[in-house]
Amino acid sequence: MGPSKSREIGEMKHLSDQELMRIVQGGDYSPASEIYDRYSGRIYNFAFRFLKNAEAAEDATQEVFVKMLRYANQFHGDAKLSTWLFSITANWCRDYLRKADNRNKESEEVLISLPASSEHAPDRNLEQRENEQRVRRALEALTPEQREAILLSRYQGLSYAEIAQIAGCSEGAVKTRVFRAMETLKRTLTAEASGGDRCLNVVP
């Protein structure tokens, strides 16, 4: 790889999402790796929490970026790239869940990853693991629509307007889904243990 090419790749890190996509739309796929670096982790985490299956989440992540390149001209610069990518991801996950032979396949990995504490590490780690299991079971009690809304809102930090665009519904419907999801999570967690409210604080 020549110096000019290396310099071009380095400069891409300073370009906005919209600028990178304009290059892709022009037929140059060299920004793909930079876009992948920016969003693959978030997309994988969302898909994993939605599907509860690590292998499916990996497939979703790869497919999202393939579709990003294939349908690049469908992206409009006045929108956020993250919203568009999460829309593709959510559609892939919904299609996956519709396949009966793929349902109920769960990864052995922990659903929620919490930050470690430096104080009382052994006891704290045990408490974290117990909380993680409670949160995972609580998320499983949600409908796919509620789980999608709560993950995009609480974990990915998307606005109700962005989630509505991804889900193809109104902002009011998103607010209702988030509200009902939080109510279900609270009931499920508090019913399991006296530490339910503490568990609720770690919901993504």
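Annotations for the structure displayed:
- Condition met for Thr184 (within 26 Å of Lys99 (Cα to Cα), among the β-branched types (Val, Ile, Thr) and touching a residue at least 40 places away in the same chain (Cβ under 8 Å)): yes
- Any hit, segment 70-87, residues being crowded, with 18+ Cβ neighbours inside 10 Å, farther than 15 Å from Pro31 by Cα and in contact with a Lys or Arg (Cβ under 6 Å, 6 or more places away or on another chain): no
- Near pairs, Cβ below 9 angstrom, 6+ apart or cross-chain, from segment 32-59 (in a helix (DSSP H, G or I)) to any residue that is buried (at least 16 other Cβ atoms within 10 Å of the Cβ) and acidic (Asp, Glu): Ile35/Asp17; Arg38/Asp17; Tyr39/Asp17; Phe46/Glu148; Phe50/Glu148
- The lone criterion from (1) in contact with a Cys (Cβ under 9 Å, 6 or more places away or on another chain); (2) modelled with pLDDT under 85 left unmet by Ala116 is number (1).
- Matching residues, segment 172-192, being small (Gly, Ala, Ser) and either within 13 Å of Ala149 (Cβ to Cβ) or modelled with pLDDT of 90 or more (or both): Gly172, Ala173, Ala181
- Test: residue in segment 162-171 that is farther than 21 Å from Trp92 by Cα, of a type outside the set (Ser, Thr, Tyr) and modelled with pLDDT of 85 or more: yes
The values are calculated or read from the model by the stated rules, or taken from the named source; none is laboratory data. For clarity, every value in this text was computed on a predicted model and none was experimentally measured. In this analysis, Cβ positions are derived from the backbone assuming ideal geometry, glycine residues included, and neighbour counts consider all displayed protein chains.
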